[in-house]
Every structure is written in C-alpha cells, then in structure tokens.
1. In the range 203-239, which residue that is open to solvent by less than 80 Å² (accessible area, probe 1.4 Å) and charged (D, E, K, R) is modelled with the lowest pLDDT?
2. Residue 334: in a helix (DSSP H, G or I) and either aliphatic (A, V, I, L, M) or under 20 Å from residue 191 (Cβ atoms) (or both), yes or no?
3. Given 172, 118, which one is at pLDDT 80 or above, closer than 19 Å to residue 326 by Cβ and open to solvent by 20 Å² or more (accessible area, probe 1.4 Å)?
4. For the subset of the range 301-332 comprising residues that are modelled with pLDDT under 95 and open to solvent by 70 Å² or more (accessible area, probe 1.4 Å), which member is nearest to residue 196 (Cα to Cα)?
5. For the structure I just gave you, tell me whether residue 123 is farther than 24 Å from residue 174 by Cβ and either in contact with a helix residue (DSSP H, G or I) (Cβ under 8 Å, 6 or more places away or on another chain) or surrounded by fewer than 23 Cβ atoms within 10 Å (Cβ to Cβ) (or both).
6. Residue under question is residue 107, and the condition is that it be open to solvent by 10 Å² or more (accessible area, probe 1.4 Å), assigned to a helix (DSSP H, G or I), at pLDDT 95 or above and not charged (D, E, K, R); does it hold?
7. Could you list all residues from the range 280-337 that are closer than 21 Å to residue 348 by Cβ, among the small types (Gly, Ala, Ser) and touching a residue at least 40 places away in the same chain (Cβ under 8 Å)?
8. Under 8 Å by Cβ, and 6 or more places apart or on different chains, what pairs join a residue from the range 339-351 that is without any contact (Cβ under 8 Å) to a residue 12 or more places away in the chain and closer than 19 Å to residue 314 by Cβ with one that is of a type outside the set (Val, Ile, Thr) and exposed (fewer than 12 other Cβ atoms within 10 Å of the Cβ)?
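The values are calculated or read from the model by the stated rules, or taken from the named source; none is laboratory data. Keep in mind that what you see is a predicted model, and the values were worked out from it rather than measured. Every residue, glycine as well, gets a Cβ built from its backbone with ideal geometry; the counts of neighbours run over all protein chains shown. Protein only, heavy atoms only, side chains kept; ligands, DNA and RNA dropped before computing areas. Shrake-Rupley method; radii C 1.70, N 1.55, O 1.52, S 1.80 Å.
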Amino acid sequence: MAQQKFLHQRPIQNPFTNPFSSSPLSNSSTSNRPISLLSRNGLLLLLGLLVILGVFLPWAGSPLFPFPNRLSSSQSKWRDYSLPQAVKFVAKNGTVIVCAVSYPYLPFLNNWLISVSRQKHQDQVLVIAEDYATLYKVNEKWPGHAVLIPPALDSQTAHKFGSQGFFNFTARRPQHLLEILELGYNVMYNDVDMVWLQDPFQYLEGKHDAYFMDDMTAIKPLDHSHDLPPPGKKGRTYICSCMIFLRPTDGAKLLMKKWIEELETQPWSRAKKANDQPGFNWALNKTAHQVDLYLLSQAAFPTGGLYFKNKTWVKETKGKHVIIHNNYIVGFEKKIKRFRDFNLWLVDDHASESPLGKLE
C-alpha cells in the first residue's frame with residue numbers, strides 16, 4: 001500500500017527559545033561566552049532538554065514516545081495487558097473477532113467497526129495493536145479492546161504493501177491466531193479494509209475446522225462446491241487470508257502451524273516481495289487431507305476484484321453480499337475513494353456508531 005498518514009500528530013514544541021545562546025549557570029565574566037556542547041554546561045543543558053521532552057511529549061497518538069518507562073498507571077496497565085486477559089475480556093459465546101492494526105490504519109479500523117457494530121458484534125472485537133500508539137489510542141477510547149504482543153513494529157513501515165515491514169506485519173498473523181486457538185476460543189480474523197453488510201456468523205455452516213473466502217474473480221455458480229478449489233497455475237490455490245474463521249480444533253491448529261512454517265521457509269527478499277497469502281495457500285494445500293476446510297459462498301464473500309468491477313454480477317446477486325473486501329487496489333486514498341463511490345465509507349457521517357467515535 002502506498003504510504004499515507006491520516007492522523008497527524010501535533011509537532012513537539014521546543015520549550016527553549018535558544019538554549020545555547022547564554023546560560024544561567026554562567027558567571028558574569030563568562031556570560032557572553034558561547035557554550036560548547038562538549039563542555040560541562042553544554043552537557044547539562046542537553047540533559048535538561050531531554051528530560052523536559054520526556055515529560056511533555058504527549059504519548060497519545062505518538063509512536064515516537066522516547067521514555068517508555070515514564071507512563072501513567074493507566075498506560076502501564078495496557079502496556080502489560082496480556083493476550084489471555086484481552087481474549088477473556090472480549091470473547092462472547094467462546095468466540096473472538098480479531099484484526100491487526102498499525103497506526104496509519106486507524107481510519108479503516110473505525111470504518112470497519114461501524115459495520116460490525118451494526119451487526120451487534122462489536123463487543124467481541126479485539127484489536128491486536130502492532131505499535132504502542134495504536135494500543136494507547138484504542139484503549140483510551142475503548143478500554144480493554146486492544147492488546148500489543150511484543151515486539152512492537154514500526155508503524156510507518158508496516159503498512160507499505162510489498163515492503164519487508166509489511167511482510168513482518170502480516171507474517172505475525174498465524175501466530176496470533178494459533179495462540180487464541182490454544183486458549184480454547186473460536187476466532188474470526190478480518191482485515192480492516194472490509195465492510196460488513198450482514199452478520200457473517202449465520203454463514204458458518206457445520207462444524208468445520210477452518211472457513212475462508214476465494215480471492216479469484218472468475219464467477220462461480222451460486223451453488224458452488226465448498227471444498228478447497230484445485231491449485232492454479234502456480235501450483236497452489238488462490239484463497240484470501242483476509243477473512244478466516246477457525247475453531248479450536250487440532251485441524252485448525254495444524255493449519256496455523258503449517259502457515260507459520262511456510263512463512264519461515266519463504267521469507268521476504270528484495271527479489272521476492274512476499275506477503276502472508278501465498279504461505280497461507282501452501283499451508284491449505286499441504287494440510288487439506290488432515291484439516292476439515294470450508295470455502296465460503298462467493299456471492300456472500302466476494303473479492304474486491306469482483307464486487308467493485310462487475311456491476312452485472314453485483315446486480316444479479318443483490319441482497320446476498322455479507323462482507324465486502326476492498327482489495328485488488330493499492331493505496332489508502334484509492335481505497336477510500338472506492339469505498340465512497342459505493343457508499344461504504346461510513347466514517348464521514350456515522351462515526352458516532354463506532355466504539356471509537358470520531359478520531360481526530
């Protein structure tokens with residue numbers, strides 16, 4: 001994704017007009033003498049400046065907070081908040097809905113949350129924050145619904161599609177999901193560039209280990225098979241890792257472990273700017289005989305390359321759409337424009353419906 005930062009932080013104001021022009025520590029005979037940075041007085045002034053910045057630099061919304069130990073009691077609480085604690089807090093009926101978010105994605109998180117709230121599932125949402133700015137911002141607005149699993153990532157590189165930072169960000173996903181399964185919970189994962197139009201849980205038929213959606217744009221019959229599709233030209237399927245539902249079964253855990261293994265054996269490189277999706281497909285293909293898999297309805301869970309580009313199909317399947325994924329397009333501004341064109345960018349007029357409210 002092209003780099004775009006939506007939530008601008010206030011610049012840090014320098015509390016000194018010119019700290020090196022004169023020194024209150026100097027005596028009268030040296031008051032006009034410039035202070036060297038290497039002198040005792042210069043070093044004291046630098047130390048004083050760093051201390052003042054550490055006190056006054058606002059933590060809220062700032063991923064640059066340089067003194068992580070200088071936290072209020074409430075901030076320390078969220079910094080020490082564990083995944084088991086967070087999952088126990090948000091889970092309803094043994095199920096948690098998870099997304100992973102870095103700071104630049106907060107507007108998309110808010111848009112997605114509005115749509116989830118309309119289906120009355122917002123209380124089950126856990127935001128896995130990939131940086132401390134996101135952790136503090138979400139928990140400030142919506143206490144208990146964000147957790148950070150160390151190490152924290154660089155929020156300014158983790159969202160650039162095709163970058164190593166983006167790979168590092170997405171490659172953590174199966175480990176997060178596996179840990180939740182090991183705790184004994186059902187887990188639904190969503191990317192936040194999605195919008196819910198209906199309640200997806202009514203489409204999770206049966207008691208399968210793993211549910212997922214196709215990422216192909218070729219139109220399937222409405223009664224298509226729910227089996228894993230056959231491999232394509234690259235020798236693997238083309239399933240989207242953007243929406244996954246897992247039950248805490250041995251099969252689902254095996255799938256996550258295999259996904260982790262595939263990502264470890266196929267790391268990011270400059271020549272091959274990978275993301276997590278090919279690894280997920282290889283894991284699906286290699287464990288298909290051991291895991292009970294279920295392909296979700298294409299009409300209910302269409303890829304963005306179909307929903308946003310085939311008006312005839314959209315008209316023919318009207319009323320059947322459940323979750324819309326804004327993929328097959330790169331760039332924050334382009335995604336927002338497309339959502340607006342299809343009346344799916346909800347934060348403009350409905351921010352009050354999100355648990356986070358209006359983000360400044």
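1. Looking at the filtered set, the residue picked out is 236.
2. yes
3. Working: 172 fails: closer than 19 Å to residue 326 by Cβ.
Sole residue among the options that is at pLDDT 80 or above, closer than 19 Å to residue 326 by Cβ and open to solvent by 20 Å² or more (accessible area, probe 1.4 Å): 118.
4. The selected residue is 328.
5. Details: farther than 24 Å from residue 174 by Cβ: yes; either in contact with a helix residue (DSSP H, G or I) (Cβ under 8 Å, 6 or more places away or on another chain) or surrounded by fewer than 23 Cβ atoms within 10 Å (Cβ to Cβ) (or both): yes.
When the stated conditions are applied, residue 123 passes them.
6. Taking the combined requirement at face value, the residue satisfies it.
7. Within the range 280-337, 331 is the sole residue that qualifies.
8. Filtered contacts from the range 339-351: 340/348.
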